[in-house]
1. Please return the ranges of helices (runs of 4 or more DSSP H) entirely within the stretch B:70-131 where 1 or more residues are more than 17 Å from B:GLY165 (Cα to Cα).
2. Quick one: which residue in A:SER52, A:SER56 is polar (S, T, N, Q), within 11 Å of chain B (Cβ to nearest Cβ) and in contact (Cβ under 8 Å) with a residue 12 or more places away in the chain?
3. How many residues are closer than 13 Å to A:LEU21 by Cβ and over 14 Å from the mean Cα position of the chain (by Cα) if we restrict to the stretch A:57-79?
4. Out of everything in the stretch C:228-244 that is in a helix (DSSP H, G or I) and exposed (fewer than 12 other Cβ atoms within 10 Å of the Cβ), what residue ends up being nearest to the other protein chains (Cβ to nearest Cβ)?
5. Could you please give the count of residues in the stretch A:69-94 that are surrounded by 17 or more Cβ atoms within 10 Å (Cβ to Cβ) and either modelled with pLDDT under 85 or not in a helix (DSSP H, G or I) (or both)?
6. Counting only residues that are of a type in the set (A, V, I, L, M, F, W, C) and surrounded by 13 or more Cβ atoms within 10 Å (Cβ to Cβ), which one in the stretch B:39-55 is farthest from B:LEU104 (Cα to Cα)?
7. Residue check: is B:ALA196 at the interface with chain C (Cβ under 8 Å from one of its Cβ atoms), within 26 Å of B:PHE60 (Cα to Cα) and more than 16 Å from the chain's Cα centre (by Cα)?
8. Of the residues that make up the stretch B:69-79, is at least one over 19 Å from B:VAL121 (Cα atoms), surrounded by fewer than 16 Cβ atoms within 10 Å (Cβ to Cβ) and either away from chain A (no Cβ under 14 Å) or out of contact with any strand residue (DSSP E or B) (no Cβ under 6 Å at 6 or more places or on another chain) (or both)?
Amino acid sequence: MRRRLATERKVLTAKLSAKDLTLIRGERCLFQQLEFALDAGELLLLQGRNGSGKTSLLRAIAGLLSLESGEVHWNDVPVLSQRQEFHGAMVWLAHRTGLKGDLTPAENLHFEATLRPQSKTEIAAIYERLGIARLKRLPLRSLSAGQQRRVALARMLMADVPLWLMDEPFTNLDSDGRKLVIELTEEHLASGGLCVLAAHQEVDINATVKRVKL
Amino acid sequence: MGADIPAQPGILAGLVAITRRDLLLAWKRPGDVLNPLFFFAMVCTLFPLAIGPSPAELMFSGPGVLWVAALLASLLSLNSLFLSDHEDGSLDQWLTSPQPLPVLAIGKTLAHWLISGLPLVLISPLLAMTYRMPAGVILVLIFTLFLGTICLSLLGSIGAALTVGLHRGTALLSLLILPLAMPVLLLGANTVSLAAGNEAYATGIWALAAYAIAALSLAPYATAAALRISNE
Amino acid sequence: MWKFFHRLASPPHFYRLAATLIPWLMFPGLLLLAWGSYNGLFVAPPDYQQGDAYRIIYVHVPAAYLSMMAYMFMAIGGGIGLIWRMKLAHAVAAAAAPIGAAFTFLALATGSIWGRPMWGTWWEWGDPRLTSELILLFLYFGYMALRSSIDDIAKADKASAVLALVGVVNVVIVHYSVEWWSSLHQGQTILKKGGPAMDPEMLQPLLAMILGFTLIFGALLARRVRTEVLYRERRTRWVRKMVLAPEGGR
């Protein structure tokens, strides 16, 4: 129980900010002197056309890309100087799900749970919520793209961390699925979480939304 | 299902998890294990066909042939070491997980060695017998291959991490790894030759063991750094 | 002191500094080579065993020495670039690779030519130095191949730096393992450690050649780093300003 309380306190003070971000990929400058500050309970929406650098910005925030200049801060400490702590506090829902087609959802999620020390141990409710409970023993490759996406969402919920980075979370999902993602995000924000979401379309969500146009 | 998820994994949990997952994947696709093995056996068959079946020649060239074949066979499976993880986004997940990356790299390499290195060691006595190697020498061969394949997997993981996601990956990987692997080949094959000639061979074993320990302590860091760079 | 390094690391500053440095390296280097070659080839006495054949060391030894030194430049440059994120260090590493490969090739070629009268064959596997040098050449090829197959310069810099650092550990291992190997097979070396001391008349030209080659290596490196810097900084204001300047830039 103590651990649970500790994570909640962390969530309340959580803060993601960035200053003076510049990223050059090959010959192109994707963004320059970009800055944002995000507090607990807020959503940062990254908007822009295809190829405008949304994914690159998300990857840069996650620490996967090195920036030309500028730093991302988590709780006012540079991310790169506390990589492990920061990664323990975030989860990354990428376009490529990072799940193995040869394994079942249950096997995939079991592996992911071992990588993240804070994972929730009770995941039956998560399966129910996402509507994948009866699929959990099938090989992932036999599932539809939308169902695979739901498994990736299950991993995100399971991780139980304050910061969600989501890259086009609506891809391949039906209208129920889209609604579910919105609901889950609203709940996460209401409980003091933070969310950075990249989408090419408008997102209708009931929360404090900050925007970055790329 | 909920019951078998560990509540508080320790530092080695990532290593165990990744090794376990890769073994599970290999179990579901046994071809990945068998291909290098067949390749190893095939190359060892080619040599007697090329140089003739004379027992003296086979005994003389056996250690070298077996070692070169093992080196090439372990190189064969390296290209795919991080490839699928890079393509399906698993690598992104590891790089953004709280687990230390060198530990994950060790887990990955351990799985690779168990899947493609250890089977070579296990099948080598069979092939060595066809080269008329006496039992004592075969023991030395097994031991040097055991240490040698560990070295090759560790070195190979660096090369695989550097070339993951590049076109021309396979040829480039060989170009990067073979010069690095030459000392291993040289130590391994010559130690077996010395044993075959009834000479003192302990130096070679010690040197290989030292190489393996050095590689085990340094290579994971290089692999981790290379993975971060290649996955950008 | 720190300020000096900081200024040195700034590309435009280095670009100008290198331009003034090159003649100061090039001309003394050429003078030393001229003096060394004359004294080595005509003044120094013939060797009592090898006759005149030994004179190839005046090229072979400096080339072999520089082939190692260029690799050290690559590894140290790469390491500095990785740790302190200094772009100029990566440029130095990139520039050093082809020069190092060329010197390695020169060392191999002269070694092989030297081997012809000594062993009666162009290539003798039993010689540990030649074998190590050959592996070094492959290491250079791997390094350059990796660099050329990554499009993004920043990524190529970092990946090849890791390779160079791994390689530098390996070079040491290669050296000792090849020596052990050739001792098993009674390899014949031309230059033996602890052999008879060289006649000063032979040694002085050799030292002059080594120093001269090193200076010329420095000049070549500076020249290549300049080109490298210019290419890498082509989008920046200072390069545009310089190139578009009326005198054409210098």
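The values are calculated or read from the model by the stated rules, or taken from the named source; none is laboratory data. Note that this is a predicted model, so its numbers are computed, not measured. Here the Cβ is made from the backbone with ideal geometry for all residues, glycine too, and neighbour counts use every protein chain on show.
1. Fully inside the stretch B:70-131 and qualifying: B:101-112, B:118-130.
2. Step by step, each of A:SER52, A:SER56 is checked, and only A:SER56 is polar (S, T, N, Q), within 11 Å of chain B (Cβ to nearest Cβ) and in contact (Cβ under 8 Å) with a residue 12 or more places away in the chain.
3. Total satisfying the criteria: 11.
4. So the residue we want is C:ARG237.
5. Qualifying residue count for the region: 10.
6. Ranking the qualifying residues of the stretch B:39-55, first place goes to B:ILE51.
7. no
8. For the stretch B:69-79, residues over 19 Å from B:VAL121 (Cα atoms), surrounded by fewer than 16 Cβ atoms within 10 Å (Cβ to Cβ) and either away from chain A (no Cβ under 14 Å) or out of contact with any strand residue (DSSP E or B) (no Cβ under 6 Å at 6 or more places or on another chain) (or both): absent.
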